[in-house]
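The structure under discussion appears below in the form of structure tokens.
The numbers here are math on the coordinates, done by the rules we state, and not lab data. What you see is a predicted model, and the numbers here were worked out from it, not measured in a lab. Neighbour counts run over all protein chains shown; Cβ positions are idealised from the backbone, glycine included.
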Amino acid sequence: MKILVLAAGRMGLGAVFDLAHNSPDVEAITVADFDLKKAEEVAEKVESPLVTAQRIDVSNVSETVELMKPHDSAISCVNYWYNLELSKAAIATNTNFCDLGGNNYIVDEQLALDEEAKNAGISIIPDCGLAPGMVSILAMHGARKFDEIEEIHIRVGGLPQKPKTALQYQLVFSVEGLINEYIEVARVIRNGEITEVESMTEIETLAFDGFPPLEAFQTSGGTSTLPDTFLGKIKELDYKTIRYSGHCERFKTMIDLGLCSSEEILVDYARITPRKVFGELLTRHLPADEPDYVLVRLEFVGKTGGTTKRLRYDIVDRQDETTGLSAMMRTTAFPASIIAQMMAKGEVLERGATPQEKAIDPDKFVAELERRNIKIVS
């Protein structure tokens with residue numbers, strides 16, 4: 001099979017590496033970026049004859065369509081606002097498509113393409129990274145172990161192994177994605193109904209063996225399509241982001257001061273957008289690409305044989321010292337690669353534009369994670 005990876009950043013590198021070194025059925029990989037040099041650097045780092053680098057401007061529809069045509073699946077690692085048009089290009093070229101998502105409104109528009117994707121005989125599956133992404137399939141995997149599921153609580157975080165600065169955080173993906181998660185509302189199920197909760201609220205403490213004090217708080221996007229999938233079947237469902245204790249309060253202070261606002265303001269006769277300035281400052285002053293951890297916890301409550309039971313899944317992943325791939329790259333890009341391959345092989349439960357928890361066989365997916373040494377402890 002031939003797979004296209006759009007964007008040659010951290011996650012693009014992770015996806016290309018997985019396709020080249022963990023995926024025996026892949027015969028050709030194209031990595032494409034607006035900056036050809038970045039694509040060539042990824043190809044060089046991966047060290048595989050299967051990889052070809054190309055330049056692409058994803059905002060150019062005809063150019064994108066032409067690039068997609070010979071591929072069985074495409075993985076979008078570009079910013080989320082391009083994913084709707086890329087989904088339409090995938091339909092035009094009969095190319096299976098998945099992305100790393102991150103915005104509920106864009107995902108809704110992608111899923112509205114269901115009939116067109118079915119007619120094209122392809123799959124479009126948004127939000128295929130870590131969270132939203134891998135955890136959505138794990139939620140379905142755990143829920144199937146009960147006769148009746150009542151609660152699912154998801155907690156996920158990417159953390160530096162050696163925290164620095166007052167935020168005790170490092171940039172492991174797009175700063176735009178980070179700000180988006182922190183300022184948009186979170187969708188949850190409470191008392192059996194879908195509702196919205198402000199992000200950066202409802203802080204709780206939690207513990208993982210060997211880690212200092214941790215906190216988790218509401219953020220946007222992590223539940224993705226899960227509230228719609230489980231509506232009418234569950235009483236409680238939520239998602240919170242894990243950080244080292246104190247992070248939420250410090251970052252929220254900057255949000256409250258307006259630093260994440262997209263409204264232009266006049267400063268010294270110049271119009272600036274606080275969010276753009278703040279994003280640039282975070283990029284300049286926060287560490288990046290240092291050794292990291294990814295922590296995942298899913299807690300389930302349900303009934304089996306009339307008896308209430310509890311189940312917990314924990315994943316602790318860390319930077320791979322052999323390959324140099326970060327834990328965030330492994331747990332974000334590898335799942336997208338797995339899904340792209342399953343779509344290309346026809347190993348999906350249904351075609352069309354569908355949420356991954358409905359389209360992907362959770363047992364097969366978990367087996368692929370374990371083959372990549374991403375292990376669930378329950």
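Annotations
- For the pair segment 158-208 / segment 123-137, the C-alpha centres are spaced 17 Å from each other.
- Listed by chain and number, the aspartates and glutamates whose C-alpha is less than 12 Å from the C-alpha of Lys375, apart from same-chain residues fewer than 8 away, are Asp314, Asp317.
- Per-residue extension of 0.36 nm, minus the Cα-Cα distance of Glu66 and Lys276, leaves a gain of 72.3 nm for this segment.
- If only the Cβ of Lys and Arg carry +1 and only the Cβ of Asp and Glu carry -1, the dipole of the chain around its Cα centre is close to 700 debye.
- Relative contact order of the chain, defined on C-alpha pairs under 8 angstrom at six or more residues apart (%): 20 percent
- Entries of Lys164/Lys252; Lys145/Lys309; Lys45/Lys364; Lys38/Lys345; Lys118/Lys345; Lys88/Lys276 with Cα pairs more than 22 Å apart: Lys45/Lys364; Lys38/Lys345; Lys88/Lys276
- Neighbourhood charge, 10 Å Cβ-Cβ cut-off, centred on Lys303 and excluding it, Lys, Arg +1 and Asp, Glu -1: -2
- Where only C-alpha atoms are counted, convex hull volume of segment 309-371 per residue in Å³: 118 Å³
- Over all Cα atoms in the chain, the spread is summed up by Rg and Dmax: 20.1, 70 Å.
- Fraction of alpha-carbon pairs over 16 Å apart in segment 243-351 - percent: 78 percent
- The alpha carbon centroids of segment 81-117 and segment 266-307 are separated by 24 Å.
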